[in-house]
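J.: A single structure is presented below for examination.
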Amino acid sequence: MASELCKTISVARLEKHKNLFLNYRNLHHFPLELLKDEGLQYLERLYMKRNSLTTLPENLAQKLPNLVELYLHSNNIVVVPEAIGSLVKLQCLDLSDNALEIVCPEIGRLRALRHLRLANNQLQFLPPEVGDLKELQTLDISTNRLLTLPERLHLCLSLQYLTVDRNRLWCVPRHLCQLPSLNELSMAGNRLAFLPLDLGRSRELQYVYVDNNIHLKGLPSYLYNKVIGCSGLFYLPLYLVSFDCLPDVLWCSHSSFRGKAAFFLIGAAHRFPPCRGEGHRDRERSRPASARVGHEASPSHLPQFS
C-alpha cells in the first residue's frame, strides 16, 4: 500500500497533476511524499476523504502553495492548525465528519475562501475571525455543539447559504438579518424559542428552515411570502397562518402540530422534494385539493398577521 501511494504521488509530481485523489487509503499521517523536496507546486485539488488523519503539517502551504480545494471529510482531526491560514488561494475547505473541537483564529486569513464545511464535529464556538471571510458563500456548521454564532458573522458580506442544523442555539443573533447576500438559512433541530422580528426583511433571504425547534413560539411577519420548512409538513407556496387553520389548509403527518396557539409558515417544495412513487400518489389523491403538493392556495382566505 505504501509503495502504491508513493507511486501515485510521484506520478502526480512528475506529470504536474492539478488533482490528487487519496481517499480511502487508511492514512494515519499526512504522506511525507507530498511534502518531499518542493512538494507539489501545481496541485490545486487534494482529496483525502475517509482516512484516519489526526492533524495537518505545519508546512502544508509551503509545499502545496497553489491549493484551491482541500477535502478532508471523515478523518479524526481534532484541531484546525494555524498553518491552514497560509493557504491563501484556498477556496473550498471541507472538514466535515472529524473530531474538531477548535478552529484556530487563523482561519480568517483565508481571504479567498468561498465554501467552508465543518459539519458533524464537536465545536462549541467559532472564532470571531470567521467574519473576515469576505468571499465566503457557503458555511455549514451543522451537527456541532454551538450555543451561539460569532458576533462578526454579519461581516461575511458574500454569505448566501448558512446551515446551523442540530446544534444548541437558543436564539438567532439579530445581526444575521444584516447579511446582504443571505439566500438560505437553516436552523433545524436547535433550541430556538424566538426569531429576530426583522428576519426576512432582506429580499435576498428566500428560504428559512426551523424544523424541530419545539420551543419556537412564533415567526416574524417579514417571512411572509418566503419559503419555510417545518417538521412533518409538506412544503407548499408560502402563506402565514395559525396552527388552528392547519386541518383546512394542509395535510400534516404529525397530529401534535394541530390546534397549537402559534404562528406557522408553509413553504414551497424545495429542500425535500416529495416522493413520486405509488405511495405519494395515493396520499395525494386522499388529501383535499388545497393540501396537495404544488397546490397554490389563495391568500385571500388565509388569516394574515403582522
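J.: Quick check on my link table: of Lys18/Lys134; Lys89/Lys134; Lys7/Lys89, which ones sit more than 22 Å apart, alpha carbon to alpha carbon? Intermediate values should be presented prior to the final figure.
T.: Working: Lys18/Lys134 26 Å; Lys89/Lys134 14 Å; Lys7/Lys89 27 Å.
Over 22 Å apart, Cα to Cα: Lys18/Lys134; Lys7/Lys89.
J.: So, one more: Leaving ligands and nucleic acids out of the surface, order Lys63, Lys134 by accessible area at 1.4 Å, largest first.
T.: Values: Lys63 30, Lys134 85 Å².
The most accessible residue leads, giving Lys134, Lys63.
J.: Could you give me the ³J(HN,Hα) list for region 39-54, computed from phi with Karplus coefficients 6.51, -1.76, 1.60 and θ = phi - 60°, whole Hz, x at Gly and Pro?
T.: Result, rounded to whole Hz: x, 10, 5, 9, 5, 10, 10, 10, 10, 9, 6, 6, 10, 10, 5, 10.
J.: About its Cα centre, how strong a charge dipole does region 1-157 have in debye, to the nearest 20, once Lys and Arg get +1 and Asp and Glu get -1 at the Cβ?
T.: On the way: 18 positive and 18 negative charges, 73 e Å.
In debye, rounded to 20, region 1-157 gives about 340.
J.: Here is a further query. Pull up all non-local amide H partners of Ser158: gap of 5 or more, or a different chain, and H-to-H distance under 5 Å with H placed in the peptide plane.
T.: Leu136
J.: In addition: To the nearest 20 debye, what is the magnitude of the charge dipole of region 68-123 about its Cα centre, counting +1 on the Cβ of each Lys and Arg and -1 on the Cβ of each Asp and Glu?
T.: Values: 5 positive and 6 negative charges, 56 e Å.
Roughly 280 debye for region 68-123.
J.: Kindly report, to the nearest 10 Å², the accessible surface of Ser3 as traced by a 1.4 Å probe over protein heavy atoms only.
T.: About 90 Å², ignoring ligands and nucleic acids.
The values are calculated or read from the model by the stated rules, or taken from the named source; none is laboratory data. Predicted model only: the values in this text are computed from it and were never measured. Note that we place each Cβ from the backbone using ideal geometry, even for glycine, and neighbour counts take in every protein chain shown. For accessibility, only protein heavy atoms count, side chains too; no ligands or nucleic acids. Shrake-Rupley method; radii C 1.70, N 1.55, O 1.52, S 1.80 Å.
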